[in-house]
Every structure is written in structure tokens, then in C-alpha cells.
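Undergrad: Structure provided below as C-alpha cells; questions to follow.
Quick note: the coordinates plus some simple rules give every number you see, no bench work behind them. Keep in mind that this is a model prediction, so the values were computed, not measured. Methodologically, a virtual Cβ is constructed for each residue, glycine included, from the backbone with ideal geometry; neighbour enumeration extends over all protein chains shown.
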Amino acid sequence: MREGNMTKRIAMVLTAITIVAGAGFHSHMTAEAAKTQMMEISCPHCHENVTVDVMQDDVECTHCMEHIHIVG
């Protein structure tokens, strides 16, 4: 087999492995992302913008450390 063909074959195999591995990683991340929903909100106490998981009932402001109750 010529060197050019062997290089192409190796590249194709590595690409296939990468695609399969990436698909498994992506499905795990999609399932994990379904459990969280990050959103930037304004803290009702200090009025700073914070990014919180709105799927939780209560979160803590990273600026003033006060608890924020998430409704809905």
C-alpha cells in the first residue's frame, strides 16, 4: 500500500473514533444540561447581576451571600 493511501486511511479511522467519542460525550452533556438552567438575574438585595440555576428553589448571591428565592 502506498504511503499516501495509508495516511488517508489512518486519518479516516481517527476521524471516526473522534466522532463516536464526541457523540457519547455530547449525549452525556445534554442529559446533564436538562437538570440545570442557568440564567443571569439581578439580586433583589444588592442589585448585582448573578448567574444562577433557576431550576433550584433557593440560590445564594455570589456578591452579598444573601439567599434568593426562585419563583416559578
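Undergrad: Work out the FRET efficiency for HIS45 and ILE19 from their Cβ-Cβ distance, taking R0 = 35 Å, and round it to the nearest 0.05.
TA: So, using R0 = 35 Å, E works out to roughly 0.15.
Undergrad: What FRET efficiency do you get for LYS35 and MET12 if R0 is 22 Å and r is their Cβ-Cβ distance, rounded to the nearest 0.05?
TA: 0.05
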